[in-house]
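One structure is given here, and the rest of the page talks about it.
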Amino acid sequence: MEPPPKPQSALFQVYLRLRPPPAPNSLYPTLTTSERFVTVEESNEGAPTHITLNPPNDNRRRAVEKFGFTQVFEEEASQLDIFHGTGVIPLVEGVLAANGGDGRDGLLATLGVTGSGKSHTILGSRSQRGLTQLALDLLFRSISNNILDPSTTYSLHASVAASDPSEAQVLSSQGFLDIIYGDQSCASRATSRAATPMRGESIPPTPRRPMPRSAPTPASPSIEDITLPSDPATDYAVVISMYEVYNDRIYDLLTPSPRTPSVKEPRRRPLLFKPTEASPERKLVAGLRKVICASAREALMVLEAGLHERRVAGTGSNSVSSRSHGFFCVEVKKRSRNARGETGQWRGSALTIVDLAGSERARDARTQGATLAEAGKINESLMYLGQCLQMQSELGNSTKPNLVPYRQCKLTELLFSNSFPSTSSGSSHAPRPQRATMIVAADPVGDFNATSQILRYSALAREITVPRIPSITASVFGGPPPRSTSGNSGSYQGQQGHDERATMERAAMEIARLSEEMDMLRAEVVAEREGREEAEARLVSAEERAMEIEAVVREEMWGEMEERFETELKRWKARWEEEKERGGEHLDRKVEVLVRGLGMEGEGKENHEGMEELEEENRALRAMVIRLQREVGGGSPTKRTGEPRDVLGHLGTQTSPVKGRVRKLGGRKWDFAAGEEGDEI
Ligand SMILES: Nc1ncnc2c1ncn2[C@@H]1O[C@H](COP(=O)(O)OP(=O)(O)OP(=O)(O)O)[C@@H](O)[C@H]1O
């Protein structure tokens, strides 16, 4: 069997931890060794690396499988053995980067069936600390002289928030914990004070009840004797975030979904794993809430809040917590500081601790009526994880990312995207590939099928031996030779016996052949069934992805439409203003014309009135002329014949002198006095 890949070349180191049987009690009676289906292979070169999985002795004939890991820890291994043996210390060391530089990302994941000891390994128990507590203890103690506290360094929050490339909402631990733990934290924390947001920190109100506090964490096992070197001329800040992958979607665990009596199952907003403006080449979970912590205690309280949200969210959607893959991320940020107190940019790396869902959930989910999508997603993501892990062992020393199919789902993307050297050549700050460790927890007397499935997904090497059924031929020939009943029957009986034996042999051969054929067909059926299940799961995932893409496209189009609408609105408003101005001018001109028109009308009216006055004057003159003629005719008979006619004719035809006169008087008020009439004429 192929040995597991060498530590230097593997993307993931995969360790197997076997949990001890529970102490015998009425529920769990003492188990006999025959019920143990895992056998640890002895190794001549130190710690064991292989196990054999022996199927139980039931009616189904199953293959014996052998699995290879980086190292196998047997039942008696303690928490401290796991802490030292699985390379947690180098992971923390890489993140601290004592010798300058940005450090190296670390990833620690646990995988296993429910009850196999994942939580015990990663989070510990009431009396024993887990790897998370131990790693946080080591990390915070190692940088205790250089770590900045957001409650005393007021500029810390703003500078960390400004340097964060993941569009995160950064909070101080104090602000976050006061929201989550409410008054209880105030009572229990000596340094607690009212929730005073740091400068630039705005905390949206989240209606929820304060989370109940759990028991204090144990101090055992102690690692006081271990301290790692840190960068001396450096400020450190530790930023915690937590999220889960559920149904191939990412949800923030530090932004609790608002829970009110009216909203039983609030819709959670999925986050994107994408390149951001500040990180164009490296994908990040964008939009998380991140909390700056100054001590391991604060970090553990944040962890507790996230675990609580994971439980609450799981219950709300009628599921259980281990149907999701949980991520706890500890970012260690560093910035250089010179003798004059001038500081550089925040940079750094992260340690991510992952609790993976067990595949048996899928099976249970089906029987419990949960959606096929949910069940399929767990199986699918673990299947892709298995493909990636197996591919890494086939690749050997090659670390070409394209050959590892990690982009097939969110889980493998999140786990593997930092595993490869950066493609941006020439960048002096290109991050180094992460160091990753997977601890597979298994109960050697637990559920055989679920355990074997997990081991198949996670092992670095695998060998299958299909046991052959005991040959019928062998049993036929293995039996005692037929005894002759009579010595006379001699050669005939011998011949007959030989023929029968040959027939029997052929029949046995045929039976064995058919039996093998049946085995092959059975294996084919199993493979076909698995293929169909995978295809179904992929279909569901494709549908989900299509919906997701549709949502993104919709959002983009909506954004574009809004943008266009805004532009059109602005254009329309500008046109409107222009038109309004033009209309105003036009109106002004019209008014002017009207006013001018009215002015002219006034003048015309005046003229008209003048004409009337003239006509009136004319009429008066005529009357006066007639009167004068009469008077002249009455006073001098000589002139009575011809003269008046002349005068009339003169007035009638030659009015020019009068007219001229009249015209000259046109503009004045007529005050022609009767006594002066004769003189005037
Ligand atoms: N190595 C161990 N030593 C002692 N007790 C253990 C060990 N591993 C597991 N146990 C105990 O077994 C029980 C189940 O373990 P644990 O809760 O860690 O399982 P799990 O895989 O996390 O399950 P789940 O997925 O349901 O959370 C616990 O009571 C735990 O204390």
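For a paramagnetic label modelled on Thr153 (point 7 Å from Cα along Cα→Cβ), amide N atoms under 14 Å away belong, within segment 227-249, to 231-239.
Taking 35 Å as R0, compute the FRET efficiency from the Cβ-Cβ separation of Val632 and Met611 and round it to 0.05. So, using R0 = 35 Å, E works out to roughly 0.70. Note on Glu544 and Glu510: the model spin-label points, each 7 Å out from Cα along the C-beta direction, lie 5.2 nm apart.
3J(HN,Hα) along segment 452-463: 5, 5, 4, 5, 5, 5, 9, 4, 7, 9, 8, 9 Hz, from the Karplus curve 6.51 cos²θ - 1.76 cosθ + 1.60 with θ = phi - 60°, whole Hz, x for Gly and Pro.
Pairs from the list Lys66/Lys283; Lys274/Lys570; Lys274/Lys333; Lys274/Lys334 with a Cα-Cα gap above 27 Å: Lys66/Lys283; Lys274/Lys570. Put a dot 7 Å past the Cα of Thr39, heading toward its Cβ, do the same for Ser144, and the two dots end up 5.0 nm apart.
Pull out a ≥ b ≥ c, the square roots of the eigenvalues of the alpha-carbon gyration tensor of segment 526-630, then state rounded if a/c is under 1.5, prolate if not and a/b is larger than b/c, and oblate in the remaining case. Don't skip to the answer; put the middle values down first.
Numbers: a/c = 24.03, a/b = 7.08, b/c = 3.39.
The shape class here is prolate.
If you stretched the chain out fully between Val591 and Lys573, how much longer would it get, using 0.36 nm times the residue separation minus the C-alpha to C-alpha distance? Working shown, then result.
Working: separation 18, 0.36 × 18 = 6.48 nm, distance 2.61 nm.
So the chain would gain 3.9 nm between Val591 and Lys573.
Dipole magnitude for segment 77-164: about 320 debye, using +1 per Lys or Arg Cβ and -1 per Asp or Glu Cβ, origin at the Cα centre.
For segment 77-135, which whole-number percentage of the solvent-accessible area (1.4 Å probe, protein heavy atoms only) is attributable to carbon and sulfur atoms? Please list the in-between numbers first.
Numbers: 900 of 1820 Å².
The computed percentage sits at 49.
One chain, two ends: Ala162 and Arg622. Fully extended at 0.36 nm per residue, the span grows by 155.0 nm beyond their Cα-Cα distance. Taking Thr217, Thr86 and ordering them by how much accessible surface each has at a 1.4 Å probe, largest first, produces Thr217, Thr86.
The values are calculated or read from the model by the stated rules, or taken from the named source; none is laboratory data. Owing to the predicted nature of the structure, the values given are computational and were not obtained by experimental measurement. No Cβ is skipped: glycine too gets one built from the backbone with ideal geometry, and neighbour counts run over all protein chains shown. Accessible surface is based on the protein model in full, side chains and every heavy atom, while ligands, DNA and RNA are left aside. Shrake-Rupley method; radii C 1.70, N 1.55, O 1.52, S 1.80 Å.
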